[in-house]
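The values are calculated or read from the model by the stated rules, or taken from the named source; none is laboratory data. What you are looking at is a predicted structure, and each value in this text was computed from that prediction instead of being measured. With ideal geometry, Cβ positions are generated from the backbone for all residues, glycine too; neighbour counts draw on all protein chains shown.
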Amino acid sequence: MDTVVRTRHGVVRGLVEDGVHVFRGIPYAAPPFGPNRLRPPAPVVPWDGTRDATRLGPEPPQVAPPSTGGTAEGAQEEWRDVDAAFAAVERARATEDCLNLNLWTPDPGAAALPVMVWIQGGMFELSSTAAYDGSRFARDGVVCVVVNWRPGAEGLLHLGDGVANVGLLDQVAALEWVRDDVAAFGGDPGDVTVFGESAGAMSIGCLLAMPRAEGLFRRAVLQSGAAHHVLSSADARRVADRLAAALGVEATREAIAGAGVDRLLGAQAALKQELLARPDPAIWGQDVVATVMPWQPVVDGVVLPALPIEAIAAGSARGVDVLVGTNTDDWRLWLLVSGAMGQVTDAMLAGPVERFGHLSLAAYGLDAGDDLAAYRAHHPGLAPGELLAKVQTDWWMRVPALRLADAHLASRRDASTRTFVYEFAWGAPGLGAVHALEVPFVFDTAHPDAPLFGPLLGPDPPQDLARAVHAAWVGFARDGDPGWPEHDLARRATMRFDTASGVVDDPYTWERTFWEGRR
């Protein structure tokens, strides 16, 4: 059955699926091509007639999803189908009208329903709405929106020319569309929660610090990503200069845009391989080598005025409720599925960044003496790969999340703004509680044939846990209360989600203390 809604720019026709009204591929900005290429999003051009919104909209130009290495020697047998999971997702083709969103609502005729806007992850290199089904949120009385935005060089090329972070500005444009249009779908533009995972959560950490995003959302959920991982302008310029050299053009926006989409994506992929093969901080900058992410938000002084965590500590997010957390074994995923877990040696851990890149402790600001000994003492008996996974989880995810919670707590305007912390601890068979594993639980789509995430879950993921996690996110969006005590410095209450969930107090005292004063 069709469902029709009039937006500011024209009429859209969606579908009713299992009682939920679904609209796909609605544009929130003009196609970022021609004069708009590599530049901030421009307003939507209104259309006549009724626009078909029954199919996924085009995706932004992006490199092909990278192989996880799941077929490499040393990879665990049961996870060699992770690459196939990427290939099996029914994705839309990448064409020009790619700044679009999908929306699920229980009733376009309703009023003042809470709104949740999902910003997906993908290493700041991928952006696809195809794997995310917001129907369970609509089932539970929430208008759910999932957005495409420009990743990679298309969205994060930084040349020091006054244009920066256009991928983040895409997200702002989508939130402005929500502000102006979501009421037509039954949503309350004054009751918006942004939620995201990995690079999506890091994006939200930036949105919490951006003047352009102020007032566009009331609450924020950051899953396995916080407010630390951004690039300096100088390091982002290094990446841009190398991209221009790979293309054989001047390092200007016009010249790089003129190279065309296919050449740009090819050069971007080659740049990533060069970074992996030659991880020298003198070439790329320390943060690029440690993260193996050449495309990240940039502290440009205007769009992103300061390091997000510093801006938040100074009060940029004082009126926004925050829920932040990580997975127990977050970064273990990449070492496992690539086969690197069993190949990491003590020599690599203690070796130079220039040779071993992100497999070296030096990439994370640690030394091979006292720091390595401290981690070994805290995690006795672990093989080098498992120990590295602990360090990477703490550096990438856990400590930034704890610092964000503390910074937000300290800067809040009053007690009406709240801070909550969680940990997702349920471990999939043979894998653990790794990165992205919580996503299908949040969406209440935790079943083995779920798009993209299904192969991570094993044959029988716990449905009671999926209902509990999903309900906590819905509760937070409705009234700012996910169902457990707020974060404070005395107790540090943390909801640990597992087959037997419950609140634990300050579960990572050692990690907080160890990383104090470190980047």
Q: Return the residue satisfying two criteria in turn: it lies in segment 182-194 and is within 19 Å of PHE23 (Cα to Cα) and surrounded by fewer than 21 Cβ atoms within 10 Å (Cβ to Cβ), and of such residues it is nearest to the chain's Cα centre (by Cα).
A: PRO189
Q: Tell me which residues, restricted to segment 234-273, are in contact with a Leu (Cβ under 9 Å, 6 or more places away or on another chain), of a type outside the set (Val, Ile, Thr), within 18 Å of ARG150 (Cβ to Cβ) and touching a residue at least 24 places away in the same chain (Cβ under 8 Å).
A: ALA236, ALA240, LEU243, ARG253, ALA257, LEU264, ALA267, GLN268, LEU271
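Check ARG242, ARG263 and return the single one that is out of contact with any Asp or Glu (no Cβ under 8 Å at 6 or more places or on another chain) and surrounded by fewer than 23 Cβ atoms within 10 Å (Cβ to Cβ).
Going through ARG242, ARG263 in turn, just one is out of contact with any Asp or Glu (no Cβ under 8 Å at 6 or more places or on another chain) and surrounded by fewer than 23 Cβ atoms within 10 Å (Cβ to Cβ): ARG263.
Going by the structure shown, is GLU154 modelled with pLDDT of 95 or more and under 18 Å from PRO31 (Cα atoms)?
Answer is yes for this residue.
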**Q.** Of all residues in segment 484-515 being assigned to a loop (DSSP other than H, G, I, E, B) and out of contact with any helix residue (DSSP H, G or I) (no Cβ under 9 Å at 6 or more places or on another chain), the one that is nearest to GLU438 (Cα to Cα)
**A.** ALA500
Q: Filter segment 249-260 down to residues that are of a type in the set (Gly, Ala, Ser) and touching a helix residue (DSSP H, G or I) at 6+ places or on another chain (Cβ under 9 Å) and give me whichever is nearest to VAL292 (Cα to Cα).
A: ALA251
**Q.** Close pairs from segment 346-360: first touching a residue at least 24 places away in the same chain (Cβ under 8 Å), partner assigned to a loop (DSSP other than H, G, I, E, B), Cβ under 6 Å, at least 6 apart
**A.** VAL353/SER360; GLU354/ASP280; GLY357/PRO279; HIS358/VAL292; LEU359/VAL344
Q: Please state which one of ASP464, ASP460 is more than 22 Å from the chain's Cα centre (by Cα), acidic (Asp, Glu) and either within 14 Å of GLU197 (Cα to Cα) or at pLDDT below 95 (or both).
A: ASP460
Q) How do the pairs read when you match residues in segment 464-480 that are under 17 Å from THR417 (Cα atoms) with residues anywhere that are part of a helix (DSSP H, G or I), using Cβ under 6 Å and keeping only pairs 6 or more apart or on different chains? A) TRP473/VAL442
Q.
So, in segment 219-234, exactly how many residues are over 30 Å from GLU438 (Cβ atoms) and buried (at least 21 other Cβ atoms within 10 Å of the Cβ)?
A. 0
Q. So which residues in segment 323-363 are in contact with a Phe, Trp or Tyr (Cβ under 6 Å, 6 or more places away or on another chain), at pLDDT 95 or above and of a type outside the set (A, V, I, L, M), if there are any at all?
A. GLY325, ASN327
Q) On the given criteria, is ALA257 among the hydrophobic types (A, V, I, L, M, F, W, C) and either closer than 27 Å to ARG237 by Cα or assigned to a helix (DSSP H, G or I) (or both)? A) yes
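Can you pull out the residues in segment 172-187 that are more than 20 Å from GLY14 (Cβ to Cβ) and in contact with a Gly (Cβ under 9 Å, 6 or more places away or on another chain)?
ARG179
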(Q) Checking the conditions here, which among ARG332, ARG398 is touching an Asp or Glu at 6+ places or on another chain (Cβ under 9 Å) and farther than 30 Å from ALA164 by Cα? (A) ARG332
Q) Under the condition of being outside any loop (DSSP other than H, G, I, E, B) and within 26 Å of the chain's Cα centre (by Cα), which residue from segment 22-59 is surrounded by the fewest Cβ atoms within 10 Å (Cβ to Cβ)? A) ASN36
Q) Hey, any hits in segment 236-246 for a residue that's under 23 Å from the mean Cα position of the chain (by Cα) and assigned to a loop (DSSP other than H, G, I, E, B)? A) no
Q) Can you tell me which residues in segment 469-493 are crowded, with 19+ Cβ neighbours inside 10 Å, among the aliphatic types (A, V, I, L, M) and out of contact with any Pro (no Cβ under 7 Å at 6 or more places or on another chain)? A) VAL469, VAL474
Q. Out of (1) within 18 Å of VAL421 (Cα to Cα); (2) of a type in the set (Asp, Glu); (3) surrounded by fewer than 22 Cβ atoms within 10 Å (Cβ to Cβ), what's the single condition that is false for GLU516?
A. (1)
Q) Here are ALA368, ALA347: which of them is surrounded by fewer than 21 Cβ atoms within 10 Å (Cβ to Cβ) and either assigned to a loop (DSSP other than H, G, I, E, B) or not small (Gly, Ala, Ser) (or both)? A) ALA368
(Q) Quick check on segment 430-452. Is at least one of its residues among the aromatic types (Phe, Trp, Tyr), modelled with pLDDT of 95 or more and in contact with a Lys or Arg (Cβ under 7 Å, 6 or more places away or on another chain)? (A) yes
Q: Scan segment 150-181 for residues that are among the polar types (S, T, N, Q) and either over 16 Å from the mean Cα position of the chain (by Cα) or within 19 Å of THR129 (Cα to Cα) (or both) and report the count.
A: 1
**Q.** Selected residue (only one of ALA401, ALA389, ALA363, ALA311 is in contact with a strand residue (DSSP E or B) (Cβ under 8 Å, 6 or more places away or on another chain) and buried (at least 22 other Cβ atoms within 10 Å of the Cβ))
**A.** ALA401
Q) Does segment 300-317 hold any residues that are under 20 Å from the mean Cα position of the chain (by Cα), hydrophobic (A, V, I, L, M, F, W, C) and under 21 Å from TRP396 (Cα atoms), and which are they? A) LEU304, ALA306, LEU307, ILE309, ALA311, ILE312
